[in-house]
Every structure is written in structure tokens, then in C-alpha cells.
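Undergrad: Sharing a structure with you now.
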Amino acid sequence: MKNGTDNAEEAPRHASDSFSQAQNAAEHVVRYVANAEFNQAVLFFQDGSYLQFEHKGRESRWAKASGNPSQADLACRSMSHFRLNALHLQLYFEDGSDVEFTV
């Protein structure tokens, strides 16, 4: 899992610190799974919630949280868009931060 906003020299952070939206999502994700075609994926969060993604062309592109309130719901509501392909799942957030997940 990579985060374009991470600095390897930074001290560990706690949930109470000021995180970017991407850092907050990355901090709580425990697993990333994608199907063989890389057009559906799921991010699983520490609280048991999950965020589903589908990108099957222009007619079917969505992200949906398993429920609210949850870590998945918070991530979903703060996303501006996402990219899903064989290389990665990349989430872009309203604050300009982004995070990348790979299988």
C-alpha cells in the first residue's frame, strides 16, 4: 500500500493527529481485494466495514460503503473520484490527497 502524501521520515501518527483524508483512509484499511478483471474491488476497514468499487465502463462506475456511520462511509463521502485497473486502486480525496492500494 502506498500513499502519495506519506513521508518515510515522519514519526508514527495517532488517530487524533491531523491526517489528510488519504492518510486517514490508509490508516484504517486492513485488506484490499480485486477480481481477476480488475473492474470490481473491495477495501476492508478495521471496524469491519467495507467499501465496494465497480468500474465497468461509463455505464457502471460507482463506490459504495457497507453502512454508516463507519470508516468505509467516511472514506466514501470524502472521495472525489477513484481509479481502478490492473495496476492499482487509487482513491482521490476532496482535500487533494490520494492513496494507492495494490494487490
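Undergrad: Name the residues in region 39-53 that are in contact with a strand residue (DSSP E or B) (Cβ under 9 Å, 6 or more places away or on another chain) and over 13 Å from L91 (Cα atoms), would you?
TA: Passing the criteria: N39, Q40, F44, F45, Q46, S49, Y50.
Undergrad: Of the numbered conditions (1) in contact with a helix residue (DSSP H, G or I) (Cβ under 8 Å, 6 or more places away or on another chain); (2) under 20 Å from S97 (Cα atoms), A72 satisfies every one except a single condition; which is it?
TA: All conditions are met except number (1).
Undergrad: While we're here: Could you please tell me which pairs satisfy a Cβ distance under 6 Å, a separation of 6+ or placement on different chains, a first residue in region 52-64 that is modelled with pLDDT of 95 or more, and a second residue that is among the basic types (K, R) and part of a strand (DSSP E or B)?
TA: What qualifies is Q52/K64; H55/R61.
Undergrad: Could you give every pair whose Cβ atoms fall below 8 Å, whose first residue belongs to region 32-46 and is in a loop (DSSP other than H, G, I, E, B), and whose second residue is among the small types (G, A, S) and surrounded by 16 or more Cβ atoms within 10 Å (Cβ to Cβ), counting only separations of at least 6 or pairs across chains?
TA: N35/A41
Undergrad: Same structure, new question: Scan (1) modelled with pLDDT of 95 or more; (2) of a type in the set (G, A, S); (3) surrounded by 12 or more Cβ atoms within 10 Å (Cβ to Cβ) for the single condition A36 breaks and write down its number.
TA: A36 satisfies every listed condition except (3).
Undergrad: When region 80-102 is examined, which residues are found to be loosely packed, with under 14 Cβ neighbours inside 10 Å and in a strand (DSSP E or B)?
TA: Those that are loosely packed, with under 14 Cβ neighbours inside 10 Å and in a strand (DSSP E or B): S80, H81.
The values are calculated or read from the model by the stated rules, or taken from the named source; none is laboratory data. Small disclaimer: the values here were computed from a predicted structure and weren't measured. No Cβ is skipped: glycine too gets one built from the backbone with ideal geometry, and neighbour counts run over all protein chains shown.
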